[in-house]
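Below you'll find the structure, written out as structure tokens, and then a few comments.
The values are calculated or read from the model by the stated rules, or taken from the named source; none is laboratory data. Bear in mind that the values here come from a model prediction, so they are computed numbers and not experimental data. Every residue, glycine as well, gets a Cβ built from its backbone with ideal geometry; the counts of neighbours run over all protein chains shown. Side chains are part of the model used for accessible areas, which takes the heavy atoms of the whole protein and leaves out ligands, DNA and RNA. Shrake-Rupley method; radii C 1.70, N 1.55, O 1.52, S 1.80 Å.
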Amino acid sequence: MTKPAVRVAVTGAAGQICYSLLFRIANGDLYGKDQPVILQLLDLPQAQGAVGGVVMELEDCAFPNLADVVITSDPKVAFKDIDAGILVGARPRSKGMERADLLSANAEIFKVQGAALNEVAKRDVKVLVVGNPANTNAYITAKSAPDLPARNITAMLRLDHNRALSQFAKKAGVLSQDIEKLAVWGNHSPTMYADYRFATVKGKPLPELVGDEAWYRDTLIPTVGKRGAAIIEARGLSSAASAANAAIDHMHDWIHGTNGAWVSMGVASDGSYGVPEGIVFGVPAVCANGDYEVVKGLPMDDFSKTKFDGTLKELLDERDGVSALLG
Ligand SMILES: NC(=O)C1=CN([C@@H]2O[C@H](COP(=O)(O)OP(=O)(O)OC[C@H]3O[C@@H](n4cnc5c(N)ncnc54)[C@H](O)[C@@H]3O)[C@@H](O)[C@H]2O)C=CC1
Ligand SMILES: O=C([O-])CC(=O)C(=O)O
């Protein structure tokens, strides 16, 4: 017998990330090939025609498990009874613009969408915020959805995690899939801290395989931190297919589990590592049974502490920047 369909809302459906993401979800990359999915697509009124075009293309793929598609500009229609929500729709950064510039432009969007999720989504909905500044947008969403568990409203650090994996793999001459226990801490921004101190490859410490602490500090960390800007510079547009891939990885692992492996997720702090409660902070996590647990008790050395405090300070400043809006 066919399983009942799950409902997945995706916002920013006419945008470039969704042009990749929607096809991956419809193909079963999120919930599996045996799970019917209903896509509930949100975009602005002026983008409805373009969303219609994307939906024609989805139809033309004849995905066996795409049960239905809803197109709307009303968040309460898009989020009705959803099992999962991927909030992509936001104003993207253009050349020369920093994420902080996006803060106020996007804060209002996530306030409205948080309130709509609060009203109509399933009580155990899993939410991933992709739209930048992703951590603070997730923070606003959670604060605007007080009846939903804050732990279920997450932000995307997985692109940073995947970027770091690839750079480390290249440097150490190993496969990225063999790198375990990498952690990306903090904000999805150039201040993020890709921490390889605990990482191993087939039991060997990654720092030993890399064998070049100066490269790690002076090249790896800034390369990953500024990768989004490098892609904008090269493409004239921000990253899209890799962002969609990271969103699939994040949600897939949350839904299906990681078999003990660490992944990096932006999650509402419970106060651990000294991060004030509620701040959405990138942490290493292990997923199981449709839930995640933050890896706790990792020690910090002087370098880590400096990096950690820097990215935390940026998030606290962003929080202060939106506090008036949250009232
Ligand atoms: N967290 C991460 O790792 C990454 C985040 N991003 C962010 O993802 C976001 C989307 O990127 P793209 O798809 O490239 O942008 P895009 O400009 O191609 O598409 C954005 C879409 O969102 C829609 N939109 C705007 N306001 C909306 C609202 N209130 N409700 C629903 N839809 C709305 C627009 O009409 C447009 O169709 C940007 O904020 C970008 O910075 C991009 C890459 C990585
Ligand atoms: O940098 C940007 O604006 C897009 C983004 O978040 C990324 O590629 O990491």
Mean separation of Cα contacts under 8 Å (6+ apart) over length of region 145-197, as relative contact order %: 30 percent
Global geometry of region 1-156, whether rounded, prolate or oblate, following the gyration tensor of its Cα atoms and the 1.5 cut on a/c: oblate
Amide H partners (placed H, <5 Å) of I71, local residues excluded: L41
In region 5-35, trypsin sites (Lys or Arg not before Pro) in a DSSP loop with at most 14 other beta-carbon atoms within 10 Å: K33
Total charge dipole magnitude, the chain, about the Cα centre, Cβ charges on Lys, Arg, Asp, Glu only, Debye to nearest 20: 260 debye
Estimated vicinal HN-Hα couplings, Hz - region 205-219 in sequence order (Karplus 6.51, -1.76, 1.60; Gly, Pro = x): x, 4, x, 5, 5, 6, x, 7, 5, 5, 4, 4, 6, 9, 10
Gaussian network model of the chain, Cα within-10 Å springs - most flexible of D147, D249, D195: D147
Beta bridges by DSSP in the chain, antiparallel share as percent, to the nearest 5: 45 percent
Gaussian network model of the chain, springs between alpha carbon atoms under 10 Å - residue of V127, V88, V69 with greatest fluctuation: V69
Percent accessible area from carbon and sulfur atoms, the chain, protein chains only, probe 1.4 Å: 52 percent
Mean separation of Cα contacts under 8 Å (6+ apart) over length of the chain, as relative contact order %: 17 percent
Most fluctuating residue given options P146, P75, P190, as computed from a GNM of the chain linking Cα atoms under 10 Å: P146
Region 115-173, relative contact order [Cα under 8 Å, separation at least 6], %: 37 percent
Given K33/K296; K33/K204; K181/K305; K202/K313, the pairs whose alpha carbons are separated by over 25 Å: K33/K296; K33/K204; K202/K313
Cut-off under 5 Å, modelled amide H: who pairs with D81 long-range: A121, K122
Kyte-Doolittle mean at least 0.0, axial Cα span of 24 Å or more - DSSP H helices of the chain: 99-120
Estimated vicinal HN-Hα couplings, Hz - region 27-37 in sequence order (Karplus 6.51, -1.76, 1.60; Gly, Pro = x): 6, x, 6, 8, 9, x, 6, 9, 10, x, 10
Relative packing of peptides 299-305, 53-59, 26-32 - highest average C-beta neighbours within 10 Å first: 26-32, 53-59, 299-305
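Could you sort Y292, Y19 by accessible area so the largest value comes first, with the probe set to 1.4 Å? Don't skip to the end; give the middle numbers.
Numbers: Y292 5, Y19 115 Å².
Most to least solvent-accessible, the answer reads Y19, Y292.
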Charge tally in the Cβ shell below 12 Å around F23, where Lys, Arg are +1 and Asp, Glu are -1, F23 excluded: -3
Residue-level accessible surface for S264, protein heavy atoms, 1.4 Å, Å²: 0 Å²
Debye log10 I(q)/I(0) for the chain, one point scatterer per Cα, at q = 0.06 Å⁻¹: -0.19
All lysines inside 22 Å of K111 as judged from Cα atoms, apart from same-chain residues fewer than 8 positions distant: K76, K80, K122, K126, K143
Gyration tensor (alpha-carbon) shape descriptor, region 186-327, a/c threshold 1.5: rounded
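Quick one: putting +1 on the C-beta of Lys and Arg, -1 on the C-beta of Asp and Glu, what dipole do you get for region 173-295 around its Cα centre, in Debye to the nearest 20?
Numbers: 8 positive and 14 negative charges, 65 e Å.
The dipole of region 173-295 has a size of about 320 debye.
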Size of electric dipole in region 100-210: Cβ of Lys, Arg +1 and of Asp, Glu -1, about Cα centre, debye, nearest 20: 320 debye
Farthest positive-ward along the chain dipole, Cα basis, beta-carbon charges - from S166, W215, L21: W215
